[in-house]
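Everything on this sheet refers to the single structure shown next.
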Amino acid sequence: MERAQGGMIAMNENTLAEQLADGLRRDILLGRLKPGARIKERDSSADLGVSRTPLREAIRILASEGLVTLRPSRSPVVADPSLKEITDDLVVMNTLEILGARLACMNATPQELAQIEAQHEEMLRLSEIADAVTYFEADMTFHRQITAASHNNALIDTHGAYMARLWRPRFLAASLRRDRPRVLRQHGDMVRGLRIRDIVLVSAEIESHMRHLVLNITDIYQSQDRERAEAEAPA
């Protein structure tokens, strides 16, 4: 982002709000803004050198994604969903991703299949060299491309909303480097299934992929809960 005189960031407000949302989203993913943390508009806008209007819009974007919770007459906070809420969302996401892949098997164009395969190759390249956020964003692009190839706008919109709500839990799971070989292997099988239009193969790979995701996220959140309980326990 370019800065104008006086430290203000120079761009139109819509673009600025999206840029601010991107920065806050990354801070949430990396834990610089922790679940339950307050986002003080006045302090944050001063630190960033922007007015409060685009920052409010950025916060509304993140609230629509489920990453931030708005509170009447109080500072918004980083969302802190329960494990039950997350796993409920994952059950829905599993169904959406399987449906998207089934429709992609029937409707994807050769160009879309080539893009999906190229994205898989990019993930293979990034897996050993990229930072966690870059690798994760490549992973989410792969899943979005499959659903986009369904050519079903209602599904694409719903899938996008659930992707946003599950952004941080999925990031935490994607950060487990020990799990990357399995993830990349399953992605490769998804690509192969899409290429030969094999609905059964692609559905089975996504089902397994999402089952492992639920297990990893459950382990992560249960571990965090134990650490929190230990920290809060009286000495």
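The values are calculated or read from the model by the stated rules, or taken from the named source; none is laboratory data. These numbers were taken from a predicted model, which means no experiment stands behind them. All Cβ positions, even for glycine, are placed from backbone atoms using ideal geometry, and neighbour counts span all protein chains on display. In case anyone asks, the SASA skips ligands and DNA or RNA and just uses the protein heavy atoms, side chains included. Shrake-Rupley method; radii C 1.70, N 1.55, O 1.52, S 1.80 Å.
Contact annotation: residue pairs with Cβ atoms under 8 Å, 6 or more positions apart or on different chains, pairing a residue in region 206-219 that is in a helix (DSSP H, G or I) with a partner that is of a type in the set (Lys, Arg) and surrounded by fewer than 18 Cβ atoms within 10 Å (Cβ to Cβ), are 212/182. Of the residues making up region 108-126, not a single one is open to solvent by less than 10 Å² (accessible area, probe 1.4 Å), under 25 Å from residue 33 (Cα atoms) and either of a type in the set (Lys, Arg) or not in a loop (DSSP other than H, G, I, E, B) (or both). Selection of region 78-98 for residues being open to solvent by 60 Å² or more (accessible area, probe 1.4 Å) and either in a loop (DSSP other than H, G, I, E, B) or modelled with pLDDT under 90 (or both) yields only 80. Whether a residue is surrounded by fewer than 16 Cβ atoms within 10 Å (Cβ to Cβ), within 22 Å of residue 38 (Cβ to Cβ) and out of contact with any strand residue (DSSP E or B) (no Cβ under 6 Å at 6 or more places or on another chain) was assessed, and residue 75 does not pass this test.
For region 169-184, which positions are of a type in the set (D, E, K, R) and surrounded by fewer than 22 Cβ atoms within 10 Å (Cβ to Cβ)? Quick ask: steps written out before the conclusion?
Start the filter on region 169-184 by keeping residues that are of a type in the set (D, E, K, R), which leaves 170, 177-180, 182.
Scanning region 169-184 gives 177, 178, 179, 180, 182.
Residue pairs whose Cβ atoms lie under 9 Å apart, separated by 6 or more positions or on different chains, with the first residue in region 148-163 and open to solvent by 30 Å² or more (accessible area, probe 1.4 Å) and the second among the basic types (Lys, Arg) and in a helix (DSSP H, G or I), are 156/144; 160/144. The condition of being within 16 Å of residue 103 (Cα to Cα) and more than 17 Å from the chain's Cα centre (by Cα) holds for only one of 154, 148, 231, that being 154.
Mind checking whether some residue in region 159-175 is outside any helix (DSSP H, G or I) and of a type in the set (Gly, Ala, Ser)? Give the derivation first.
Initial filter on region 159-175 (outside any helix (DSSP H, G or I)): 166, 175.
Still in the running and of a type in the set (Gly, Ala, Ser): 175.
Checked region 159-175: at least one residue is outside any helix (DSSP H, G or I) and of a type in the set (Gly, Ala, Ser).
Has region 204-222 got at least one residue that is of a type in the set (S, T, N, Q), within 28 Å of residue 24 (Cα to Cα) and open to solvent by 60 Å² or more (accessible area, probe 1.4 Å)? Within region 204-222, one or more residues are of a type in the set (S, T, N, Q), within 28 Å of residue 24 (Cα to Cα) and open to solvent by 60 Å² or more (accessible area, probe 1.4 Å).
Summed over region 53-90, residues that are within 24 Å of residue 215 (Cα to Cα), of a type in the set (Val, Ile, Thr) and free of Cβ contacts under 8 Å to residues at least 24 places away in the same chain total 0. Within region 40-47, is there a residue that is modelled with pLDDT of 80 or more and either open to solvent by less than 40 Å² (accessible area, probe 1.4 Å) or under 24 Å from residue 132 (Cα atoms) (or both)? The answer is no, given that none of the residues of region 40-47 is modelled with pLDDT of 80 or more and either open to solvent by less than 40 Å² (accessible area, probe 1.4 Å) or under 24 Å from residue 132 (Cα atoms) (or both).
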